[in-house]
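Any read-out appearing in this document is the output of simple, stated calculations on the displayed coordinates, not a laboratory observation. Note that this is a predicted model, so its numbers are computed, not measured. No Cβ is skipped: glycine too gets one built from the backbone with ideal geometry, and neighbour counts run over all protein chains shown.
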Amino acid sequence: MAIMKTEELKKIPSKFNLEQFDVAVFAKDRIREMFRAGKLPTADAMVDEVILRALKEGASDIHFEPTEHELRIRLGYEGVMKKLVSLPRDISENLANVLKTKAGLNAFEKKKSQEGRFTMNYMGIHLDLRISTLPTVSGERIAMRLLTKANHISNIEELGFSESSLEKLKKLLYRPTGLLLITGPASGGKTTTAYAALNKLNVPEKNIFAVEQLIEFKLEFATQVQPSSDKSFSTADALRSILRQSPNVILVGDIRDAETGNLAAEAAFTGTLVISTLLSSDAIGTIPRLLNLGISPYWLASSIVGIAHQQLVRKICDGCKEEYQATSEEIERLGAGTWGQTIYFRGKGCDQCSGTGYRDRTAIHEILSISDQLRDLIYEQAPSVKLKEAAFNSGFEDIRADARNKVNEGITTIAEFVRALG
């Protein structure tokens, strides 16, 4: 999936100025009176305008956040939040009901979280919107992701892997069997990388399957299965059935429980390449997390071949990129590996990047190949410190090394390195 290009949306005029209803401009009581008198745009029109504004500004997320006194609407843009508008608290429930109705959710259910999706079309461009509700003490908080179908599935060569990381990943992909995990934080591009991995394996001789709770992209070369939302046909059920269909490659959208994890590991051990995604803070930390889920140490040690961990960082805008002399404090934050470099790059801010100095994102990676020593330690359920020692002894480089290289090469900034990794 990809964010819609803002240039394609600038021709769509707004029907009203959203900021005129900001509580910072008009008194809340005045806006409340207009709302009750029917002088405000309808809740449907408000929702449409918020979505349009988000798209025009290149946002990937919209957050509707009710507080005690107002409804704050913020945009997520390349991993950074910024305020769009603050509306009177009274409007919150109406906007939530519109969004839930569009997504096919129960508008009367306000005490449980819900997830849904709906589609819209702007100038013939198909837009996919995912929403998640969360009950809070101030009302329902709603997060919405804005996605459009990309024209093609990415190639792994396009995803920002360094030459050495790409070579390691390809070696893992070309193995006929084993469990390969793609991990990272939420909204870290894991699904994009998983699809790119499948795309790399797309040859007529392979029997490829994918099991996902929410199918993000239709794959012409794979059999895709979506488990039912009512649990009558689970991911584990789908995996059991797929294993009777002579698979060569299986993508499991996410490992969320011990049953799915054990089945995926067993399938990998018995002759299938299984690729799956998992929320994780780093590659090595994925191992104890899987064991804590209840996955058998025997099955995990026997099947896992590698872990590709990634995060997204903002790229410097090419339209305003400039050299500058970094301070000693900035260089110190980068740590080892700067090799005496003092000249770095940043963005001054321009119209192309809305003054931020950043435009688009790339991924930073670490690839952990499972050595025999690591396999033994997994079986023994060894502590993380021993896993790390064995990993680094086998040539593992953590994600900070890749991020540091991207700073040195002028792809991203020292400030972004610190924001993403601390």
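Cα axis of helix 399-408 to longest principal axis of the chain: angle in degrees, 0 to 90, nearest 10?
Orientation of helix 399-408: about 60 degrees from the principal axis.
What angle do you read, to the nearest 10 degrees and between 0 and 90, between the alpha-carbon axis of helix 258-269 and the longest principal axis of the chain?
Orientation of helix 258-269: about 40 degrees from the principal axis.
Taking the Cα centre of each part, how many Å lie between the stretch 225-250 and the stretch 329-403?
Value for the Cα centre distance between the two parts: 35 Å.
For the chain, calculate the relative contact order in percent as a whole number, restricting contacts to Cα pairs under 8 Å that are 6 or more residues apart. Don't jump to the answer; show the numbers that get you there.
Working: 774 pairs, mean separation 52.2, N = 422.
12 percent.
Between the DSSP loop rule and a limit of at most 13 other Cβ atoms within 10 Å, which chymotrypsin sites (Phe, Trp or Tyr not before Pro) in the stretch 325-381 are left?
Those that pass, being in a loop and sparsely packed, are 339.
Is the C-alpha gyration tensor of the stretch 103-221 telling us rounded, prolate or oblate? Criteria: a/c under 1.5 is rounded; beyond that, a/b larger than b/c is prolate, otherwise oblate.
prolate
Residue by residue through the stretch 223-236, what is 3J(HN,Hα) from phi via Karplus (6.51 cos²θ - 1.76 cosθ + 1.60, θ = phi - 60°)? Round to whole Hz and write x for glycine and proline.
8, 9, 10, 10, x, 6, 6, 8, 6, 6, 9, 8, 4, 5
If I model a spin label at residue 329 and residue 372 as a point 7 Å from the Cα along the Cα→Cβ vector, what separation in nanometres do I get?
So the two model labels end up 5.1 nm from each other.
Just tell me which aspartates and glutamates come within less than 19 Å, Cα to Cα, of residue 112; anything on the same chain fewer than 8 places away is out.
By straight Cα distance, residue 112 reaches 65, 93, 140, 230.
Can you give the longest stretch of the chain with no exposed loop site, where a site means trypsin sites (Lys or Arg not before Pro) in a DSSP loop (not H, G, I, E or B) with at most 12 other C-beta atoms within 10 Å?
Longest stretch, sites excluded: 245-422.
Mind telling me which of 162, 60, 328 comes out most flexible in a GNM of the chain, alpha-carbon contacts under 10 Å?
Comparing 162, 60, 328 in a Gaussian network model of the chain, the most mobile one is 328.
List the residues whose amide H sits under 5 Å from the amide H of residue 210, counting only those 5 or more places along or on another chain, with H placed 1.01 Å from N in the peptide plane.
223, 224, 225, 251
Helix-derived [θ] at 222 nm for the chain: sum -39500 (n - 2.57) over DSSP H runs of at least 4, divide by residue count, nearest 500?
Working: 14 runs with 134 residues, N = 422.
Mean residue ellipticity, 222 nm, calculated: -9000 deg cm²/dmol.
Identify the residues of the stretch 349-393 with backbone N under 16 Å of a label point that sits 7 angstrom from the Cα of residue 292 along the Cα-to-Cβ direction, or state none.
381-388
So which of 321/406; 110/218; 168/190; 15/39; 348/406; 15/83 end up more than 22 Å apart, counting from Cα to Cα? List each step's numbers first, then the result.
Numbers: 321/406 14 Å; 110/218 33 Å; 168/190 17 Å; 15/39 14 Å; 348/406 18 Å; 15/83 20 Å.
Long pairs (Cα-Cα over 22 Å): 110/218.
Would you please give the residues with an amide H less than 5 Å from that of residue 371, counting only those at least 5 places away or on a separate chain, with H modeled from the backbone geometry?
none
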